[in-house]
Structures are given as structure tokens and as C-alpha cells.
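Novice: This structure is in C-alpha cells; I'll ask about it shortly.
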Amino acid sequence: MKIKLTLTLVVIGFWACTSPQERASKTPVKNVCPDLGKLDEKQINPEAMFQDEHSREKLIAVQTKGNGIKFYDSYYFFNALKITEKFGFDKFTQIYLEVCGGESPNINSIPFVISEKEKRERFAKEETEWKKILKSKNLKTIYDWNPSEENTDLKKIVDKDWSELVNAKVLKYCKKTFPAFASKCEMSIVDSGGDTGYQLYHLFRISALARNPNTGEKIGKEEQKLISTNLGLEVYFNNDGREVSIVFKEFSRKLAIKGIKANGDYNPNGWEFLKNPLFESLSQYPKSDSWDFEFIDKI
């Protein structure tokens, strides 16, 4: 009786000193393919699972394809058909590859995969619709069309296509309105710091694209001019009743800013502080209610 009791205590003591991970590694789960991801937890040996003391995840010891033993989050062995986000999907596919090799036959039943497929089909339909609308050349229809909010790649394409289409109209406006200076419309504008990021025709965006939303009259069309004077090439406009000109000098097929003329007084100095607000004012796109689509379509 004493010997039996001692033996029992030794066994219990040994078991207590063995970590859950060590115990699980002695009874790993095997032959879980191809159902890995939708296994019934009740059919798994509980000794193969334990709770990690750090992550608090319920881990499972598994014999992998290469006959090694690895520990995985048990969630992915029983609940793959509930996965709705990319992180979980990537985790599951990596586990399946390590344990079974290849791709799970149940992959198309995963909610995330179903959602992504539907999204791709919807995005493809939107892209086809956008190409059709773009071909119509109807600026108002093109302006009003937007892809779904989550279709960020197409949103970038739409923004790029729209910008190119509108700027092509502004360039054409510059060349038609000022035929004597048509060759200069695409010239880059530079200052002492180098390229400003503007081309000459950019300064005619408001004139080409906008109208007064209350009266329907063009904004700036009659007030903005491109003229050649003894000072150089001038972009003239009326700024709240004040006559202003930005003076340029052509140099190496570029237009260098020389100065600013206000109410007939030319100042070759201090224009650096005025350049940015003037350029931004002339080159901005109209507000949503100020687009003159009827005029733009005729350019």
C-alpha cells in the first residue's frame, strides 16, 4: 500500500512539473487535412491543446507536412469559415500551407474570400462604366460620376482622367483665345528658385472653366488677357477693380517671372510674396456650383 501510494505521488509530481506545451507536443493532432479550418473541436484530443500564458490564445500542437511539431492558434483549425478580414485569411492560408501543403479546398467558402470576389466584380463593373462615361465626353456627366468609396484604385484613375480632360480643355482655350501666343501656352513658369510647377495655360483655368453661379456670366473671360509689351509677356487681369499684370520674360523655352504691374506701376521687386496667392487664384478649379459645363463642352 505504501509503495503504491509513493508511485502515485511520483507520477502526479512528474505530471505537475511538465509544462502544458510539453504535454501537448507528446500528443499532437495529425491527419487534419483537408478539413483544417472546419474541424470539430469535440473530436480533437484535449491534451493537444493548451492556453498560452502570454498571449492567452488557445494553442494546438500539430504535426506538419514535414512531420515536425508546431503550435498554432486553434481558432484557425475550427473557425476558418467565419474569417471576414485579410489578416485572419492570410494567417489561415499560411497555416494550411505549413500543415497540409497547397491551398485549402474550402477557401471559396470563407466570408472574406466571398466578399473580395464580389468586390472585384463590382469594381470591374464600375471601371467598365467609367470608361463608357469618359468616352461620352460630356463634362457634366463625367464630373458627377464617382466610384464607390472603397474603390480607391479607380478613384485615383478617375481623378487623373478628369484632371487630364479638364486641363486639355484649358490648354485648348488658351491657344484659341490667344492664337498669337499659342506656342507659349505650354511653357513652364520659373522663378529664381527654379520650376514653379505651373505652365502658362494653368493661369487661365478660372477664365476657361468658371461662371458666376448666380448670373451665369463667365468669370474673368473678358477681364483676363495675354499681351506682349515692352516689359515682356504679360498676363493681365482685373483683381476686384485693380488692374494687375504678371510680367514674364522668355528664357530657354520657359517663362521667367520678371515682376508685377499694378494699375500701370511696374515693380520688379517684392513680387515673390504675391506670386503664390495670384497663381493659386488664377489656376484654381471652380467650386461645385460654378463650373461652366456648357461653355467647356464647346471649347
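Just so you know, all these numbers are worked out from the coordinates, no wet-lab data involved. Treat the numbers as computed from the prediction; the structure is a model and nothing was measured. All Cβ positions, glycine included, derive from the backbone under ideal geometry; neighbour counts span all protein chains shown.
Novice: Just the Cα atoms of the range 135-210, one point each, no solvent: what log10 I(q)/I(0) does Debye give at q = 0.12, 0.15, 0.20, 0.28 Å⁻¹?
Specialist: Here log10 of I(q) over I(0) equals -0.45, -0.65, -0.93, -1.23.
Novice: Hey, another quick one. Note down the net charge around ALA182, summing +1 for each Lys or Arg and -1 for each Asp or Glu among other residues with Cβ under 12 Å from its Cβ.
Specialist: On the way: positive: LYS172, LYS175, LYS176, LYS184; negative: GLU186.
Its environment carries a net charge of +3.
Novice: Where does the Debye-calculated log10 I(q)/I(0) of the range 192-263 sit at q = 0.21, 0.26 Å⁻¹, using only Cα point scatterers of equal weight, no solvent?
Specialist: Each listed q maps to, in turn, -0.97, -1.26.
Novice: Just the Kirkwood number for the range 17-109, please: inverse of mean 1/r across all distinct Cα pairs, in Å, one decimal.
Specialist: Numbers: mean 1/r = 0.0747 Å⁻¹.
That comes to 13.4 Å for the range 17-109.
Novice: If you project the alpha carbons of the range 85-132 onto the principal axes, what extent comes out on each, in Å, largest first?
Specialist: Each principal axis gives a Cα extent; for the range 85-132 these are 47, 17, 15 Å.
Novice: So what is the 222 nm mean residue ellipticity for the chain from helices alone, if each DSSP H run of at least 4 adds -39500 (n - 2.57) and you divide by all residues, rounding to the nearest 500 deg cm²/dmol?
Specialist: Values: 10 runs with 122 residues, N = 299.
Estimated from H runs of four or more residues: -12500 deg cm²/dmol.
Novice: Could you work out, for the chain, what percent of all Cα-Cα pairs fall into each 10 Å distance bin, beginning at 0 Å and stopping at the bin that holds the largest distance?
Specialist: In whole percents, the pair-distance histogram is 5, 18, 16, 11, 9, 9, 11, 10, 5, 2, 1, 0, 0.
Novice: Cut-off under 15 Å on the C-alpha distance; same-chain residues fewer than 8 positions from LYS26 excluded. Which aspartates and glutamates are left, in chain and number order?
Specialist: Leaving aside aspartates and glutamates fewer than 8 places away in the same chain, those within reach of LYS26 are GLU47.
Novice: What number comes out for the charge environment of GLY232, summing +1 per Lys or Arg and -1 per Asp or Glu over other residues with Cβ under 12 Å away? Could you put the intermediate results ahead of the total?
Specialist: Values: positive: LYS184, LYS249, LYS258, LYS261; negative: GLU234, GLU250.
Net local charge, GLY232 excluded: +2.
Novice: Hull surface divided by four, with the convex hull built on the Cα atoms of the range 117-168: how many nm²?
Specialist: Working: hull surface 13.3 nm².
Reported value for the Cα convex hull: 3.3 nm².
Novice: Taking the alpha carbon gyration tensor of the range 175-298, what are the square roots of 5 times its eigenvalues, largest first, to the nearest whole Å? Please list the in-between numbers first.
Specialist: Details: eigenvalues 120, 52, 37 Å².
For the range 175-298, the semi-axes come out at 24, 16, 14 Å.
Novice: Please identify the trypsin sites (Lys or Arg not before Pro) of the range 20-53 that satisfy two criteria: DSSP loop assignment and at most 16 other Cβ atoms within 10 Å. Which are they?
Specialist: Numbers: sites: ARG23, LYS26, LYS30, LYS38, LYS42; in loops: LYS30, LYS38.
Here the trypsin sites (Lys or Arg not before Pro) that fit, given the DSSP loop and packing criteria, are LYS30, LYS38.
Novice: Run the quick spin-label model on GLN43 and VAL113: label points 7 Å from Cα toward the beta carbon, then report their separation in nm to one decimal.
Specialist: Placing both labels 7 Å beyond Cα along the Cβ direction yields 1.9 nm.
Novice: Take GLU164 and LYS132, extend 7 Å from each Cα along the Cα→Cβ direction, and tell me the distance between the two endpoints in nm.
Specialist: According to this spin-label approximation, the distance is 2.1 nm.
Novice: Also, I was wondering about something else. Collect residues whose amide H, placed 1.01 Å from N in the peptide plane, falls under 5 Å from the amide H of GLU243; neighbours closer than 5 in sequence don't count.
Specialist: Those qualifying (amide H under 5 Å, at least 5 residues apart or on another chain) are ASN263.
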